[in-house]
Amino acid sequence: MAPSALLLTSCTASGSGEGTADPRPTSTAAGPSERDLTEWAQAAIAAVRGGTLIEAGVERVRDGIQTEPGLSEGTDYRLTLVCAGTGAARLAFVPARAGAEASVPCDESVVRQRITGGEFVRIDVVGAEGATGVVAWQIDAL
């Protein structure tokens, strides 16, 4: 009978209509919330920022990053990535000569990559199987 009472209490509390629920995950025994991970990753990026900002963002690891920034031919840029969570992500470029493939560990390490602009450059970051958390990224002109 106790499990039924717990279920009823949960349903009643969530459907009460009082106030608005915050849809963001909160810290649990499983680890920090997505909001906390985002703040940590953005703070790590801000701590090493340099150059003129071209483009930046934060994405869930499972969603990945796919961007085609307008980078000037022959100009050097710096891509900075921080993954906060668990697992790792893989960084790749099209064309491959724009930058080197790299593994991005989701341990809040800062990964920096020099990239060369061209007519077309695509940056892809894909989470490894089971990776969770967020990836903050920023492209700066040097």
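The values are calculated or read from the model by the stated rules, or taken from the named source; none is laboratory data. Being a predicted model, the structure only gives us computed values, none of them experimental. Using ideal geometry, Cβ is built from the backbone for each residue, glycine included, and neighbour counts are taken over all protein chains shown. Note: accessible area is taken over every heavy atom of the protein model, side chains too, but ligands, DNA and RNA are not part of it. Shrake-Rupley method; radii C 1.70, N 1.55, O 1.52, S 1.80 Å.
Within the stretch 81-96, one or more residues are touching a Phe, Trp or Tyr at 6+ places or on another chain (Cβ under 6 Å) and modelled with pLDDT of 95 or more.
Here's a check for you: in the stretch 42-61, which residue that is within 17 Å of the chain's Cα centre (by Cα) and loosely packed, with under 14 Cβ neighbours inside 10 Å is nearest to Val135 (Cα to Cα)? Going through the qualifying residues, I end up with Gly57.
Looking only at the stretch 101-117, which residues are crowded, with 16+ Cβ neighbours inside 10 Å and touching a Lys or Arg at 6+ places or on another chain (Cβ under 9 Å)? Within the stretch 101-117, Ala102, Val104, Gln113, Ile115, Thr116 meet the criteria.
Residues considered: Val121, Val125. Of these, the only one that is at pLDDT 95 or above and of a type in the set (A, V, I, L, M, F, W, C) is Val125. Being in contact with a helix residue (DSSP H, G or I) (Cβ under 8 Å, 6 or more places away or on another chain), more than 24 Å from Trp40 (Cβ to Cβ), in contact (Cβ under 8 Å) with a residue 12 or more places away in the chain and not aromatic (Phe, Trp, Tyr) is a condition met by at least one residue of the stretch 102-115. Considering the stretch 55-87 alone, what residues qualify as being hydrophobic (A, V, I, L, M, F, W, C) and farther than 30 Å from Gly31 by Cβ? The one that is hydrophobic (A, V, I, L, M, F, W, C) and farther than 30 Å from Gly31 by Cβ: Leu71.
The sole residue among Ala98, Ala136, Ala128, Ala84 that is surrounded by fewer than 18 Cβ atoms within 10 Å (Cβ to Cβ) and among the aliphatic types (A, V, I, L, M) is Ala128. The conditions are (1) assigned to a strand (DSSP E or B); (2) open to solvent by 10 Å² or more (accessible area, probe 1.4 Å), and Glu39 fails exactly one of them. Which is it? Evaluating Glu39 over (1) assigned to a strand (DSSP E or B); (2) open to solvent by 10 Å² or more (accessible area, probe 1.4 Å) leaves (1) as the failure.
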